[in-house]
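Worksheet: the structure to be examined is printed underneath.
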Amino acid sequence: MVNYPNMKKNINTTFHKPEQKHYTAHRGMSLEEDISLSNEYYLSASLAVIYKKPTPVQIVKVDYPKREAAKIVEAYYKTPSTTDYNGIYKGRYIDFEAKETKVKTFPFANISKHQIDHLQRIIDHGGIAFVIIAFTSLNEVYLIDASYIIYDYYHASRKSMTYEKIKSLGHIIPQGYQPRLDYLKVIDEVYIKEDK
């Protein structure tokens, strides 16, 4: 408490350390937002050009309450989208999917067959393909090569990949301010160094 002169009231100036929360809760950010901010940083620093792919949508009905205020009332996905992000880094094509999970597994129900097939095509053509998985309850984000996900998707007896397996095969992505998720650091260590 602090007593100020000529004041009848004491003002409580006790400060509490903010409670430490998990991955996206303490920032109010989703994995997608963190990746988008990281991509903006990479672009502004001339490190890479990586964008979120737009979802193809067929607009069916538009409401025009005012001429300048058109509102889409009804729309449908045209075709299933492939993966979330693609771009170029150090002359290499990059394509990846980003997923969050609250449990200590990565359920294959979270990724569709056409996305798995798309990632395989990227690998077949010499691109870098991976999946970024955020374990929100653990405050950990991993980059795992798409080949491991693809193999287990088609051959594993489980319908998910365990946290322990992702931790052993994948690479933890450093979290920070700029970039929020430095996944290019992992790409340098895993993919680019192999090229040298």
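Restricted to segment 91-193, the set of helices (runs of 4 or more DSSP H) holding at least 1 residues that are modelled with pLDDT under 95 and exposed (fewer than 14 other Cβ atoms within 10 Å of the Cβ) comprises 113-124, 146-155. Scoring Tyr85 on the criteria (1) more than 17 Å from the chain's Cα centre (by Cα); (2) under 25 Å from Lys193 (Cβ atoms) leaves a single failure, condition (1).
Scan segment 61-79 and give yes if some residue there is at pLDDT 95 or above and either part of a strand (DSSP E or B) or of a type in the set (D, E, K, R) (or both), otherwise no. No: segment 61-79 contains no residue that is at pLDDT 95 or above and either part of a strand (DSSP E or B) or of a type in the set (D, E, K, R) (or both).
Taking segment 42-60 as the range and being modelled with pLDDT of 95 or more and out of contact with any Leu (no Cβ under 8 Å at 6 or more places or on another chain) as the test, the residues that pass are Leu43, Ser44, Ala45, Ser46.
The values are calculated or read from the model by the stated rules, or taken from the named source; none is laboratory data. None of these values were measured; they are calculated from a predicted model. Glycine gets a Cβ as well: all are built from the backbone with ideal geometry, and neighbour counts include every protein chain shown.
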